[in-house]
Amino acid sequence: MIVGGVLLLVLAVIFFFVARANAGKLQALNAVDTYDTATLSAIHRRITTALGANDFAQPCEVMGVIESVSPLTGPVSGQTLVAYLYTTHREYEERITTQESGRSTTRIERRSEQLEQNERRVPFTIRDDTGQVLVVPDGAKIDLIETANRFVETPQPWTGATRTLGQRQFERGLEVGARVFVSGTAIDQNGQVVIARHPTNSKQSFIISRKSEHELANSAATWARNMRYAAIASGVIGLALVLGGVLMGG
């Protein structure tokens with residue numbers, strides 16, 4: 001009983017921090033203004049003219065369609081992308097021998113190991129009805145989706161207890177033409193406004209998402225609420241179990 005109570009109390013702490021993290025996401029989304037690209041450019045011109053480029057760091061949100069004059073090519077899919085994560089795994093079979101009641105039993109299990117991982121991202125523009133703005137995605141949390149999942153058979157003979165079956169090539173990407181929501185910081189780069197991570201505040205949100213601000217806010221609010229309720233319930237039940245166990249033991 002006491003062990004179960006302690007486990008529930010640990011879960012309550014975990015739920016509490018998950019709830020707080022999502023509440024922080026919601027607060028960050030609500031604290032930043034959303035601009036069209038023309039308005040953002042006008043703000044950049046006004047502030048840099050008055051104060052200079054070094055003093056311009058404006059948290060902002062924009063939404064539009066991705067365009068790129070120099071996109072990446074997906075290493076597996078061949079799609080035009082502005083960001084991707086590519087991994088290669090060796091898939092193999094392994095003989096596993098166990099001893100049960102003095103008898104040996106051998107079974108074959110399929111396993112995998114990562115051979116390679118490569119992540120790339122390039123600057124791109126976001127276009128809306130009023131114009132466009134450059135985004136430098138370094139350091140951003142990017143909403144990638146699966147763009148390729150291919151298995152290449154290269155069967156090999158058994159070597160000891162293992163046998164290679166082939167390679168799994170997996171690609172996740174952000175494609176040109178996708179409509180995205182960007183929450184970051186507008187800064188000056190060679191006299192041009194760009195959206196990037198905050199130059200000094202690493203805690204400032206920088207996300208590139210396929211979901212709208214409304215969808216992200218609803219998701220964060222739901223998680224914060226549900227995790228808060230779960231933390232309260234786990235904490236109350238866990239405390240009751242611990243106290244009950246102590247009293248019964250006494």
Kindly rank 132-138, 211-217, 162-168 from highest to lowest mean number of other beta carbons found within 10 Å of each residue. 132-138, 162-168, 211-217
In whole Å, how far is the Cα centre of the stretch 65-89 from that of the stretch 145-209? 8
Calculated FRET value between Ala217 and Asp55, using beta carbons and R₀ = 51 Å, to 0.05: 0.95
To the nearest 20 Debye, how big is the dipole of the chain about its Cα centre, given +1 on the beta carbon of each Lys and Arg and -1 on that of each Asp and Glu? 620
Quick shape summary for the stretch 32-113, equivalent ellipsoid via Cα gyration tensor, semi-axes whole Å in descending order, reads 58, 18, 11
Would you compute, from DSSP H runs of 4+ residues alone, the mean residue ellipticity of the chain at 222 nm, taking -39500 (n - 2.57) per run and dividing by the full residue count, rounded to the nearest 500? -11500 deg cm²/dmol
Which of Ile195, Ile232, Ile208 fluctuates most in a GNM of the chain (C-alpha springs under 10 Å)? That residue is Ile232
Mind listing the long-range amide H neighbours of Gln189? Cut-off is under 5 Å, sequence gap 5 or more, other chains count too, H placed in the peptide plane at 1.01 Å from N. Val194
What number results when the radius of gyration of the chain, computed over Cα atoms, is divided by 2.2 N^0.38 Å? 1.43
Give the residue from Ile237, His214, Gln99 lying farthest towards the positive end of the charge dipole for the chain; charges sit on Cβ (+1 for Lys and Arg, -1 for Asp and Glu) and the dipole is referred to the Cα centre. Gln99
Distant-in-sequence amide H partners of Gln79 (H built 1.01 Å from N, under 5 Å): Gly74
For the stretch 89-197, using Cα atoms only, the Rg and Dmax in Å read 23.5, 77
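Just so you know, all these numbers are worked out from the coordinates, no wet-lab data involved. Just so it is clear, the model here is predicted, and its values are computed rather than measured. Please note: Cβ atoms are built from the backbone with ideal geometry, for glycine as well, and neighbour counts cover all protein chains shown.
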